[in-house]
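Chemist: Handing you a structure now.
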Amino acid sequence: MQFSLEKSIPILERTPNLLKELLTGLDDDWTMNDEGENTWNPYDVIGHLLHGENYNWIPRISKTLAEDGDKVFEVFDRTAMFEESKGKSLIDLLEEFAEARQNNLQVLHDLNLTEEDLDNTGIHPSLVLLH
């Protein structure tokens, strides 16, 4: 399948509601327990998605669209949610994720990206050129 931004938007739009429907009302045994060392539970995963929503994909798009300046992406802290989620319920995280996603989709829409824009590149912090 060839990537299509237009065809990707519905998936991005539906993800918050899908996750909310899947996780709301489940016992904490399902949502707060992990499978052992170096594993995440659903609560952690939603926190991670929220962190990515706030600090990853839109800032990286902006960097690739910049006509000049540094094209190296900021390092993404894949475990920041462990601190950022403290004191929040799963419902809080799901609602924050839904709001952040809606805001980012509006930003994406407002960018009015062209096929040429989608060919822009950025540099991953580990110095790998990304399209």
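Chemist: Just a yes or no: is a residue in the stretch 28-38 farther than 30 Å from ILE123 by Cβ, among the aliphatic types (A, V, I, L, M) and touching a Pro at 6+ places or on another chain (Cβ under 9 Å)?
Modeler: Yes, some residue in the stretch 28-38 is farther than 30 Å from ILE123 by Cβ, among the aliphatic types (A, V, I, L, M) and touching a Pro at 6+ places or on another chain (Cβ under 9 Å).
Chemist: Mind counting the residues in the stretch 67-99 that are in contact (Cβ under 8 Å) with a residue 12 or more places away in the chain and under 21 Å from GLY122 (Cβ atoms)?
Modeler: Result for the stretch 67-99: 9.
Chemist: I'm trying to understand the selection: among the residues of the stretch 1-37, which are in a helix (DSSP H, G or I), acidic (Asp, Glu) and surrounded by fewer than 10 Cβ atoms within 10 Å (Cβ to Cβ)?
Modeler: Answer for the stretch 1-37, where residues must be in a helix (DSSP H, G or I), acidic (Asp, Glu) and surrounded by fewer than 10 Cβ atoms within 10 Å (Cβ to Cβ): GLU6, ASP29.
Chemist: Kindly list the number of the only condition in (1) out of contact with any helix residue (DSSP H, G or I) (no Cβ under 6 Å at 6 or more places or on another chain); (2) over 17 Å from ASN17 (Cα atoms) that fails for ASN103.
Modeler: That leaves (2) as the condition not met.
Chemist: Here is a check on your reading of the model: is LEU65 crowded, with 17+ Cβ neighbours inside 10 Å and of a type in the set (A, V, I, L, M, F, W, C)?
Modeler: It is false that LEU65 is crowded, with 17+ Cβ neighbours inside 10 Å and of a type in the set (A, V, I, L, M, F, W, C).
Chemist: Then there is this: In the stretch 68-80, is there at least one residue being modelled with pLDDT of 95 or more, out of contact with any Gly (no Cβ under 6 Å at 6 or more places or on another chain), in a helix (DSSP H, G or I) and surrounded by 12 or more Cβ atoms within 10 Å (Cβ to Cβ)?
Modeler: no
Chemist: Something else now. How many residues, within the stretch 81-101, are surrounded by fewer than 13 Cβ atoms within 10 Å (Cβ to Cβ) and polar (S, T, N, Q)?
Modeler: Here the count works out to 1.
The values are calculated or read from the model by the stated rules, or taken from the named source; none is laboratory data. Everything numeric here is computed off the predicted structure, so don't read it as measured data. So basically every Cβ, Gly included, is an ideal-geometry build from the backbone, and we count neighbours across all protein chains shown.
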